[in-house]
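The structure under discussion appears below in the form of structure tokens.
The values are calculated or read from the model by the stated rules, or taken from the named source; none is laboratory data. As the structure is a prediction and not an experimental result, all values here were calculated from the model. Ideal geometry is used to build each Cβ from the backbone, glycine not excepted, and the neighbour counts take in all protein chains shown. Side chains are part of the model used for accessible areas, which takes the heavy atoms of the whole protein and leaves out ligands, DNA and RNA. Shrake-Rupley method; radii C 1.70, N 1.55, O 1.52, S 1.80 Å.
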Amino acid sequence: MTQTHQHEVVIVGAGGAGLMAALYASRSADTAVLSKLYPTRSHTGAAQGGIGAALANLEPDKVEWHSFDTVKGSDYLGDQDAIDYMCAQAPEVVYELEHMGLPFSRNPDGTIAQRRFGGHTNNETKQPVLRSCYAADRTGHMILQTLYQNCIKNKVHFYDEFHVLDLLMKDGVANGVVAVELATGELHVFHAKSVVFATGGHGRIWELTSNAYAYTGDGVAITLRRGLPAQDLEFFQFHPTGILKLGILITEGVRGEGGILVNGKGERFMERYAPTVKDLASRDVVSRSIYLEIRDGNGINGDRYVHLDMRPEVVNKYAELDGRTLPDGSPYRVTGEQLLSKVPDIVDFCRTYLGIDPIKEPMPIQPTAHYAMGGIPTNVHGQALSDAQGTIVPGLFAAGEVACVSVHGANRLGTNSLLDLVVFGKEAGKKAAEHAKSSDYKPLEANPTDFTRQQLDRILNNTGGEKIVHVAEEMKTKMMDDVGVFRTADGMASAIEKMRELRERYKNISIDDHGKRFNTDLLNAWELGCLLDVALATAVSAHARPESRGAHAREDFPNRNDAEWLKHTMTWLDGDQVRLDYKPVTITKYEPKERVY
Amino acid sequence: MLVYLKIYRYNPEAGRNVPSFDTYNIEAEPTDRVLDLLEHIKGEIDGTISFRRSCAHGVCGSDAMRINGRNLLACKALVKDVGNEITVEPILGLPVLKDMIVDMEPFFDSYKSIMPFLVNEDVPADGKERRQSPEQRERFDDTTKCILCAACTTSCPVFWADDQYVGPAAMVNAHRFIFDSRDQAADKRLEILADHGGAFRCRTAFNCTEACPREIHVTQAIAEVKNAITSGGVEY
């Protein structure tokens with residue numbers, strides 16, 4: 001039996017963006033949060049190194065520098081009005097998180113502790129700046145916990161383990177969602193005035209990823225299937241330092257605390273690629289540098305990885321060579337104990353998964369698929385857009401990794417994802433409530449669950465014999481090989497063909513579990529469908545862009561081409577057909593120039 | 001290496017209304033996670049096996065299970081550490097719904113009962129952060145690590161026997177606020193925990209400390225809560 005619920009605002013996803021939206025929307029509107037996971041399982045909790053804000057607690061810093069660094073980091077594809085807004089909001093939202101109870105690490109004077117991070121600089125000296133506000137190396141965990149705690153305090157209404165499978169629309173207006181309740185397998189219709197998608201990313205498209213199993217691109221796939229576009233999908237970030245073979249994230253904070261990257265010859269190779277900030281260049285630059293070292297035979301033992309070294313003697317040696325000082329002017333020196341207290345989880349991961357102590361041995365790392373710069377196009381208010389002209393989809397909002405505002409452009413700076421989800425989660429929540437208060441419930445279509453049932457029944461009744469994992473593995477390998485850190489026209493063309501083939505084979509997916517209760521087999525199959533849709537759209541978007549910009553690095557087009565390609569990609573998926581359009585980047589005060597670190 | 005894996009099965013909907021085990025002999029690497037083995041079996045052999053998982057590296061708290069009789073996260077338990085004969089069962093003390101999936105609602109209800117949020121409406125006049133010294137921050141650092149996986153609570157013999165007991169995880173989270181110098185509701189939380197289902201139910205079995213995948217000193221945190229109740233409060 002399908003139950004129908006009515007809430008003015010329905011938020012899909014309970015990570016940082018969803019919870020922040022919930023806190024704000026629930027102040028004035030009847031709000032419900034639907035999440036396929038218990039909220040505290042959300043992937044925001046895996047973020048480690050910090051949230052960027054120019055608090056200047058330890059040394060001079062300015063909002064304008066944060067803005068410029070973000071624009072430069074985006075390889076000039078970020079919209080500068082949105083970036084200015086986010087960076088200007090940053091100090092306020094970090095203080096707000098502290099007021100909510102977030103246990104930031106502290107400086108001796110009691111202020112919020114800050115560390116260096118890739119691409120964040122003092123714009124005058126060009127040197128790395130202490131901008132990342134952190135709670136040890138579990139900043140995302142503390143943000144997620146704090147926001148969830150405040151939702152409990154404010155009695156926010158949750159539907160835990162409700163997996164949203166469809167967006168409902170009437171006459172171009174969003175008016176609800178369809179979700180399956182995991183415990184019963186029953187479908188539920190949620191009739192709403194405003195729907196906020198905060199469903200996270202889709203890193204599970206790639207073979208090696210830092211992303212959770214849950215990161216299957218549900219939000220982007222659902223909106224694509226409803227005829228709405230996705231933006232800038234070709235820009236997907238590979239984080240330089242994933243644990244060898246596992247992809248588990250090792251925070252950039254390790255390099256912020258003085259760790260360095262070393263190749264098989266024992267060289268600190270980032271000196272050659274980014275002479276000024278070296279190991280703290282932005283992520284796209286560092287990941288490419290690692291790939292180039294490996295290609296030149298400079299991996300460790302000639303293998304496909306390099307070392308991240310944070311042994312105190314190594315940190316201190318290079319701090320001395322770099323002339324790094326503390327804010328009081330004294331030389332920067334660390335002990336093993338201090339490093340352990342700064343990044344305890346990293347030490348734990350290394351001990352658990354590698355059997356090594358990173359205070360005594362270097363860590364074997366390789367780039368890992370990490371973050372979607374692209375997603376559902378929105379304006380700065382979190383309102384979803386339906387075309388390149390900026391037409392708003394009434395009633396639909398998106399925030400966090402699933403959204404593309406765009407503040408990250410072609411490459412996101414570390415610490416800006418947590419900032420993005422807090423700033424734009426808040427804004428989307430406010431606007432969703434405003435919209436709900438000024439509009440009526442649009443009537444639901446006659447059979448709102450039809451499209452969902454169709455999708456599920458096709459899987460449940462299939463006897464084609466294709467297995468989820470086999471199709472998934474082929475997708476991941478192909479995307480890693482041909483739509484990864486470096487790309488070519490031929491490689492991407494073959495990836496497009498492969499994704500089309502896999503989407504055909506997906507039609508023959510059959511599963512073992514035909515029950516209703518906690519049918520994770522069925523939902524894994526459904527999620528694979530999302531991944532394949534987003535993978536195809538990503539490969540086509542990437543293939544169509546003959547330039548190198550940020551995370552989209554073409555071997556056949558090594559340069560950025562501002563004259564023709566300083567523009568956002570908009571991608572529609574209509575069955576097997578992918579349609580593209582483009583829209584201009586908003587440039588306010590920073591004219592594009594060459595990007596050097 | 002060859003691994004002999006026994007997996008607990010229970011699913012009344014599919015006629016498996018008496019718990020039983022399915023067994024598998026599979027090839028594994030010593031560095032494989034138990035979660036990898038479960039994923040392999042679910043993907044290749046039997047898709048009906050059900051368990052929760054998300055981050056797969058020990059930070060989201062989804063996949064606490066009883067592995068060879070001990071509460072572990074399946075994503076942090078490596079074959080080389082648990083041996084080549086592996087028995088996987090659901091955590092104890094919460095109703096089993098299907099295979100390794102248990103009803104987490106009673107667990108989260110206990111968590112919610114201890115006011116798990118900072119109480120302090122005073123904000124500095126300049127709108128900036130409240131000050132807290134590194135030492136004050138250190139005082140509750142350990143208990144901020146909790147990921148609510150329930151490994152501690154479901155390893156506790158008192159919790160198994162007494163469904164009124166809030167359990168170690170709720171106490172850990174109470175500790176996180178009680179010892180936070182910014183908080184103003186320590187008294188209320190201590191009052192809640194002085195009650196029947198609270199801190200004095202703890203019999204210091206230390207199972208919780210051993211079970212915690214985040215290496216939180218759970219028993220010590222509970223002891224500190226007990227002391228605060230007995231001494232009538234906390235000094236920051």
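Tabulated results
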| item | result |
| --- | --- |
| Buried area at the A-B interface (accessible, heavy atoms, 1.4 Å probe, summed, Å²) | 5400 |
| Angle between chain A longest axis and helix A:520-543 axis [Cα atoms, degrees, rounded to 10] | 60 |
| Dipole in debye (nearest 20) - the protein assembly as shown, about Cα centre, beta carbon charges: Lys, Arg +1; Asp, Glu -1 | 340 |
| Three-way shape label, the protein assembly as shown, alpha-carbon gyration tensor, a/c 1.5 | rounded |
| Rounded to whole Hz, the Karplus (6.51, -1.76, 1.60) HN-Hα couplings of the stretch A:200-209, x for glycine and proline | x, x, 9, x, 6, 5, 9, 5, 10, 8 |
| Within the stretch A:150-203, trypsin sites (Lys or Arg not before Pro) in DSSP loop having at most 10 other beta-carbon neighbours inside 10 Å | A:155 |
| Counting DSSP beta bridges with both ends in chain A, the antiparallel % (nearest 5) | 65 |
| Averaged over B:7-15, number of beta-carbon atoms from partner chains that fall within 10 Å | 2 |
| Tilt relative to chain A, helix A:63-73 - C-alpha long axis, 0 to 90 degrees, to 10 | 80 |
| Relative contact order (%) - chain A, alpha-carbon pairs under 8 angstrom, separation at least six | 22 |
| Solvent-accessible area, 1.4 Å probe, carbon plus sulfur percent, for the stretch A:18-71 | 51 |
| All lysines inside 25 Å of residue A:265 as judged from Cα atoms, apart from same-chain residues fewer than 8 positions distant | A:245, A:278, A:317, A:360 |
| Cut-off under 5 Å, modelled amide H: who pairs with residue A:185 long-range | A:518 |
| Chain B - mean residue ellipticity at 222 nm from DSSP helices (-39,500 (n - 2.57) per run, n ≥ 4, rounded to 500) | -8500 deg cm²/dmol |
| Cut-off 11 Å between beta-carbons: net charge of the residues surrounding residue A:113, Lys and Arg +1, Asp and Glu -1 | +2 |
| Accessible surface of the stretch B:2-101 [probe 1.4 Å, protein heavy atoms]: carbon and sulfur percent | 47 |
| Accessible surface, per residue, of the stretch B:2-101 when the full set of protein chains is kept, probe 1.4 Å, Å² | 36 |
| Qualifying lysines (Cα of each under 21 Å from Cα of residue B:128; at least 8 residues distant if same chain) | A:62, A:426 |
| Percent carbon-and-sulfur accessible area, the stretch A:503-592, ignoring ligands, DNA and RNA, probe 1.4 Å | 47 |
| Interchain or long-range residues, amide H under 5 Å from residue B:16's placed H | B:11 |
| Rounded to 5, percent antiparallel among DSSP beta bridges of the stretch B:2-101 | 80 |
| At least 40 Å² of accessible area lost relative to the chain alone, listed for the stretch A:8-39 with a 1.4 Å probe | A:38 |
| Restricting the stretch A:92-155 to GluC sites (Glu not before Pro) in coil, as DSSP defines it, with at most 13 other Cβ within 10 Å | A:124 |
| Shielded residues, the stretch B:34-48 - accessible-area loss of 20 Å² or more between chain alone and all protein chains, probe 1.4 Å | B:39, B:42, B:43, B:44, B:47, B:48 |
| Dipole magnitude of the stretch A:435-512 about its Cα centre (Cβ charges: Lys, Arg +1; Asp, Glu -1), debye to nearest 20 | 180 |
| Phi-based couplings in Hz for the stretch A:460-473 (Karplus 6.51, -1.76, 1.60; Gly and Pro marked x) | 5, 9, 7, 10, x, x, 5, 9, 3, 5, 5, 5, 4, 5 |
| Paramagnetic reach from residue B:205 (point 7 Å along Cα→Cβ, amide N under 11 Å) across the stretch B:79-121 | B:92-93 |
| Accessible area per residue, Å², the stretch B:104-231 with all protein chains present, probe 1.4 Å | 42 |
| Loop-located GluC sites (Glu not before Pro) in the stretch B:166-236, at most 13 other Cβ atoms within 10 Å (DSSP) | B:215, B:235 |
| Principal-axis tilt of helix A:416-437 within chain A, Cα atoms, nearest 10 degrees | 30 |
| Expected 222 nm ellipticity per residue - DSSP helices of 4 or more, -39500 (n - 2.57), all of chain A, to 500 | -10500 deg cm²/dmol |
